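The structure appears right after this line, and notes come after that.
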Amino acid sequence: MTDAIYKIMDHAAWAQFQAAGTFAGAPVDLADGYIHFSAAHQVQGTLDKHFAGRGDLVLVAVDAAALGPCLRWEVSRGGDLFPHLYAALPLQAVTICTALLIGDDGRHRAAEALASVSGVGG
């Protein structure tokens, strides 16, 4: 469906992920049995719904093709298809990571972060 998918995590989880080389998931992922991701058009909504006001976040871009058949696109919020990984995430699938900043309006600046990880100006 897309070349890149995105995981939002805090700085501590990102540091642990880098040290371990794999990421089994955040507590919500472990409880649900898969790692939650967002497509680019879903990142802002995910931030607004699940991470509002958190200033310790990074946006991790992942090569969806590197995840193989363990990545499934499933219906979730608003009937949209979201990427779910039914395996641990290998660090080798990560293409880039960037900090998520909060704007003057109190919302995360997802568009700026996405432009940063995709290399597209904006």
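Any read-out appearing in this document is the output of simple, stated calculations on the displayed coordinates, not a laboratory observation. All of these numbers come straight from a predicted model, not from anything done at the bench. FYI the Cβ positions are ideal-geometry reconstructions off the backbone, even for glycines, and counts take in every protein chain you see.
Given +1 at the Cβ of Lys and Arg, -1 at the Cβ of Asp and Glu and no other charges, the dipole of the chain around its Cα centre is 80 debye to the nearest 20. Charged neighbours of Ala52, selected by a Cβ distance under 12 Å, balance to +1 (K, R count +1; D, E count -1).
Diffusion coefficient of region 4-118 by Stokes-Einstein, Kirkwood radius over Cα pairs, 4 °C, 1.567 mPa s: 91 µm²/s. Computed from phi, the 3J(HN,Hα) profile of region 31-38 under the Karplus parametrisation 6.51, -1.76, 1.60 (θ = phi - 60°) reads 5, 7, x, 7, 8, 7, 10, 10 Hz, with x in place of Gly and Pro. Taking a sphere under 11 Å around the Cβ of Ala13 and counting the other residues whose Cβ falls inside, with K and R at +1 and D and E at -1, yields a net charge of -2. Rounded if a/c is under 1.5, else prolate if a/b beats b/c, else oblate: with a ≥ b ≥ c from the C-alpha gyration tensor eigenvalues square-rooted, which is region 37-105? Judged from the Cα gyration tensor, region 37-105 comes out oblate (a/c at least 1.5, b/c at or above a/b).
Amide H contacts for Ala87 (H built 1.01 Å from N in the peptide plane; partners 5 or more residues away or on another chain; cut-off under 5 Å): Ile35.
At 222 nm, what helix-only mean residue ellipticity would the chain give, in deg cm²/dmol to the nearest 500, using -39500 (n - 2.57) for each DSSP H run of four or more? Before the final figure, lay out each step's value.
Numbers: 4 runs with 33 residues, N = 122.
Computed ellipticity for the chain at 222 nm equals -7500 deg cm²/dmol.
Close amide H partners of Thr95, meaning residues 5 or more places away or on another chain with modelled amide H under 5 Å apart, are Ala61, Val62, Asp63.
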